[in-house]
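First up is the structure itself, then whatever we jot down about it.
All of the numbers you see were taken from the coordinates with simple rules; none came from a lab. Since this is a predicted model, take the numbers as computed values, not measurements. Counting neighbours? That spans all protein chains shown, and the Cβs are built from the backbone with ideal geometry, glycine included.
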Amino acid sequence: MEEEKLRIGVFVCDCGLNIAGTVDTEAVAKYSETLDDVVAVVRNKYTCADPGQNEIKKAIKEHQLNRVVVASCTPKIHEPTFRQCIAEAGLNPYLYEMANIREQCSWVHQDEKEKATEKAMDLVRNAVARARMLEPQMEAEVPVTRTALVIGGGVAGIQSALDLADAGHQVYLVEKEPSIGGIMAALDKTYPTMDCSI
Amino acid sequence: MMDVGRHPRIKLMAYSEIEHVSGFIGNFHVKVRKKARYVDESECTACNDCVKDCPVIVPDEYQQGLSSRKAIYIQLPQAVPSAYLIDMENCLGNNPIACGKCLDACEKKCIDFDMQDEIVNLEIGTIIVSTGMDVYDPTEMDEFGYRSFENVITSMEFERLICASGPTEGHFVRPTDHKLPKKIAFIQCVGSRSEKLGRNYCSNICCMNTIKDTLLLADHYPEVESKVFYIDIRAFGKGFEDLYMRSKESGVNYIRGIPGDVWEDPETKSLNLSVEDTTNGKVRIHEADMVVLSVGVEPRKDMKPLQQLLTLSSNADGFLLESHPKLKPVDSPTRGIFYAGCVESPKDVKDSVTQASAAASRASIILNAGKVTIEAITAVMDPDKCNFCGVCSRVCPYHAIEPADKKSGTYPNIIQAACAGCGTCAAECTMDAISMRHFTDAQMISQIDSILERNPMEKVVAFACNWCSYAGGDLAGTCRVQYPTNIQLIRTMCSGRVDEKFVIHAFKKGAPIVLVSGCHFSDCHYISAVQWTQRRVEKLWNRLERLGIRPERLQLEWISAAEGQRFGRVMRAIEEMRQKVTEEEVKETIEILKKEEEKERAKKVKREAALQPAAAV
């Protein structure tokens, strides 16, 4: 893998008008083609939708991509989506990088279209730079003790404990006070049903 | 409550506290202190014989102090577990001269004065935190005279006074003369929505609780006249507006305005309230036989130790911070831990139950899967580079690095499953012996180089931590907060990852301004890693100053995930600073740093040369 020649694919997303309304995505795509090691550039209306993801998978196969950069939204939303997508195409999910050209570009520079486009190019270049350095990673798997702990035996803790126990799990319910019930046990009636609290 | 007591798969540990928690998702080790009740929980039949003979009388907390209990007591009649306990702080003790009467009274001999606290160790896969909230104590609000005037009570006290199992057996009477009050005033938002008290949030439940109270009164005592003084009535839930209308139709008088002052008539012990009706601007004095303060809720005051044990953060109001306000409202930022109820925000019963079921469902996913994957962003160690200094194990907020021992030649051992990937160890290691998977030095440096490749004078290199600052930047986007285009972020999991050399490298490459941003101290998603960020940046400021580089060119800011507006403000301020940095200054900085680097290199060569003959010997 180390010796393998870098073959990076860049996927620039319009996100409807969310990005394309401010950033000239065509110019960003063109610019991406000029970057070293980038062998495929695709522009999409919605990269996260199935057709967009299929484009990525297709390009991975066609161009033997070994790194993928998606220029779209924040990794907090779609990093897991695209990691899964490239894994389905046979790439290690950690060979993926994201350029956030929506939350941190098109949405915050709406009145400066040219500068926003410039910045989007920079962000793609930064992502490609990082992508070059990415290494495949293996996620460790650890076993789970099949027992739950609920801390606090008010109405919420009681409900959680009962649900988990009814689902077949062993539950420990730890309550600080001598009795469970919490604040609710001190109430007379409760709204909106106006019935007894206990 | 009863269902919990008899469920075969629930082990109830009442009168118990969490002592210690270690481990990680799927594999928590929890130590619980089961406090001594001095009454055998499994034997006690709650016959009440012991209570009759107990001579100690103390205020009953369950009845809000409105009646008394004995030193041996049961918390409430329907208690689960249904067993008595001895309040040792007030008990006269097992001294035949002093007392010991309960021992004689208990036929089953359930009482054991020698009972000890018990420590129980549990192996746990997933945790639900449902520790609830505290009710606001309005004593500090002088204007309402709570505790000065006996007939001013809180809504919690109201609950006990109208409850059939309460101290008056449900006969609603005034504390002073034990007579039914004819006129009752409810004051809303006590301890909520007040900037003055530093409690800006809405407590969510008090409007509906008062509406409920007025309906109970209208039902039990139609002759009682109720007035409600409010800011807004927030009847937003399903069926809530109906109840509000019913309350109005029953004759309850809703007046928009909060009393500025409450005073007592010393003779009748009734109260006067001066209120501006904000619908017409008129100030009027209202009379009431009794005032009910509709008190808000607040985060538990005793929450901090547990919060630290579970590495959970709180938001500005003090309620626990969720993983994502919209998409993961039940998950805590620590994997495998979930929230149910008011610990996360003020909630009524229905919302608490809803969230509790959601939390149980989220926890079930992990329990059913039986295994979890750990994101491959952990620290790894290159023993060849380690000099046994031990700093990595000292700085690790998770104690995930077993310390090195030079004598036995044991290298530090990073426990992969316990490492959360903050990167503090890698940043603090002066030997570069630790690297962070997926956030390696090479990856970070490549991003810095790329940012500064084109027009470096116009760029601000900004490091932003994943959980707070970067998320704050995203929120700025979602809220369309506009700021200059010059700022370019490099995402790290934690600001603790930002190595000194990254900052110096950026300056060497011509960065006019470098920003390091992370979570506020109380919000740090890696327990305390952010304190290392602060120390490191302070160290860097000293170093820059010593070298003759303006320390202000390195900025440190704490921005939370909720501070999108602040993110924009900080970025605008930083851009203003950038504009003041001249090209000459940057050039000079590059020269200075080059010289420093050469000096360091020469020193290193010298050091190694000095070591060489020693090694030969």
* Mind scanning B:Lys459/B:Lys539; B:Lys11/B:Lys328; B:Lys238/B:Lys347; A:Lys76/B:Lys509; A:Lys119/B:Lys508; B:Lys212/B:Lys282 and naming the pairs with a C-alpha gap bigger than 26 Å? => B:Lys11/B:Lys328; A:Lys76/B:Lys509; B:Lys212/B:Lys282
* **Dipole of the range B:367-493, positive end: most advanced residue of B:Asn387, B:Ile487, B:Asn368 [Cβ charges, Cα centre]** => B:Asn368
* Asked: Cβ under 14 Å from A:Met138's Cβ, A:Met138 left aside: what net charge do those residues give with Lys, Arg +1 and Asp, Glu -1?
  -> -2
* Structure fact -> Computed over chain B: longest principal axis from alpha-carbon atoms vs helix B:564-579 long axis, angle to nearest 10 degrees, is 30
* Would you please give the residues with an amide H less than 5 Å from that of B:Lys11, counting only those at least 5 places away or on a separate chain, with H modeled from the backbone geometry? => A:Val171, A:Tyr172, A:Leu173
* What is the dipole size for the range B:1-103, taken about its Cα centre, with +1 at each Lys and Arg Cβ and -1 at each Asp and Glu Cβ, in debye to the nearest 20? -> 240
* Give, rounded to the nearest 20 debye, the magnitude of the charge dipole that the range B:439-595 has about its Cα centre when Lys and Arg contribute +1 at Cβ and Asp and Glu contribute -1 at Cβ. => 160
* Structure fact -> Sorting A:Val69, A:Tyr96, A:Ala20 by the position of each Cα along the dipole of the range A:8-133 (Lys, Arg +1; Asp, Glu -1; all at Cβ), the one nearest the positive end of that ordering is A:Tyr96
* Relative to the longest principal axis of the C-alpha atoms of chain B, give the angle of the C-alpha long axis of helix B:529-547, reported between 0 and 90° and rounded to the nearest 10°. => 40
* Structure fact -> The long-range amide H neighbours of A:Lys45, using H built 1.01 Å from N in the peptide plane and a cut-off of under 5 Å, are A:Asp14
* Average partner chain C-beta neighbours within 10 Å, per residue of B:2-10? -> 6
* Asked: Tell me, what HN-Hα J-couplings in whole Hz come from the Karplus equation 6.51 cos²θ - 1.76 cosθ + 1.60 at θ = phi - 60° for each residue of the range B:450-461, using x for Gly and Pro?
  -> 5, 4, 8, 6, 10, 6, x, 4, 9, 9, 10, 7
* **Per-residue Cβ neighbour rank within 10 angstrom, fewest leading, B:Met577, B:Met141** => B:Met577, B:Met141
* Asked: What percent do you get for the relative contact order of chain B when only Cα pairs under 8 Å and 6+ apart count?
  -> 10
* Debye, to nearest 20: dipole size of the protein assembly as shown, +1 on Lys, Arg Cβ, -1 on Asp, Glu Cβ -> 2080
* To do: Grab the beta carbon distance between B:Asn280 and B:Glu249, set R0 = 22 Å, and tell me the FRET efficiency rounded to 0.05.
  => 0.45
* Structure fact -> In order over the range B:412-429: 3J(HN,Hα) from phi, Karplus 6.51/-1.76/1.60, θ = phi - 60°, whole Hz, x for each Gly or Pro, gives x, 10, 8, 7, 4, 6, 8, 6, 9, x, 5, x, 4, 4, 5, 6, 7, 5
* Asked: Name the trypsin sites (Lys or Arg not before Pro) in the range B:255-345 that are in a loop by DSSP and that have at most 10 other C-beta atoms within 10 Å, would you?
  -> B:Lys301, B:Lys326
* Structure fact -> Mean Cβ-within-10 Å packing, highest first, puts peptides B:552-559, B:535-542 in the order B:552-559, B:535-542
* **Sum of side-chain charges, A:Gly21 neighbourhood, beta-carbon under 11 Å (Lys, Arg +1; Asp, Glu -1)** => 0
* Shielding by other protein chains, B:299-306, mean Cβ within 10 Å -> 1
* Asked: Which of the peptides B:52-58, B:202-208, B:445-451 is most tightly packed, and how do the rest follow, judged by the mean count of other Cβ atoms within 10 Å per residue?
  -> B:202-208, B:445-451, B:52-58
* Asked: Computed FRET efficiency, Cβ-Cβ of A:Lys61 and A:Thr34, R0 25 Å: what is it to the nearest 0.05?
  -> 0.55
* **Under the Karplus curve 6.51 cos²θ - 1.76 cosθ + 1.60, θ = phi - 60°, whole-Hz ³J(HN,Hα) for the range A:83-90, x wherever Gly or Pro sits** => 4, 5, 4, 6, 5, 5, 8, x
* Long-range amide H partners of A:Ala71 with built H, under 5 Å -> A:Phe11, A:Val12, A:Cys13, A:Ala99
* What percentages, rounded to whole numbers, describe P(r) for the range A:147-196 computed over all alpha carbon pairs with 10 Å bin width beginning at zero? -> 27, 43, 26, 4
* **Label-zone membership for the range B:532-566, site B:Lys604, 7 angstrom Cα→C-beta point, backbone N under 20 Å** => B:540, B:543-544, B:547
* Asked: Ordered by packing density, taken as the mean number of other Cβ atoms within 10 Å over each peptide's residues, highest first, how do A:6-13, B:211-218, B:123-130 rank?
  -> B:123-130, A:6-13, B:211-218
* Positive-pole candidate from B:Ala340, B:Tyr38, B:Val330, dipole of the protein assembly as shown, charges at beta carbon -> B:Val330
* Structure fact -> For the range A:12-60, listing trypsin sites (Lys or Arg not before Pro) in a DSSP loop whose Cβ sees at most 13 other Cβ atoms within 10 Å gives none
* **Residue mean of other protein chain beta carbons inside 10 Å, A:23-34** => 0
* Using alpha carbon coordinates only, what is the Rg to Rh ratio of the range B:2-126, with Rh defined as the Kirkwood radius? -> 1.03
* Give a quick list of chymotrypsin sites (Phe, Trp or Tyr not before Pro) in the range A:23-105 that DSSP marks as loop, anything other than H, G, I, E or B, with at most 16 other Cβ atoms within 10 Å. => A:Tyr46
* **Rg to Rh, two decimals, where the protein assembly as shown supplies the alpha carbon set and Rh follows Kirkwood** => 1.04
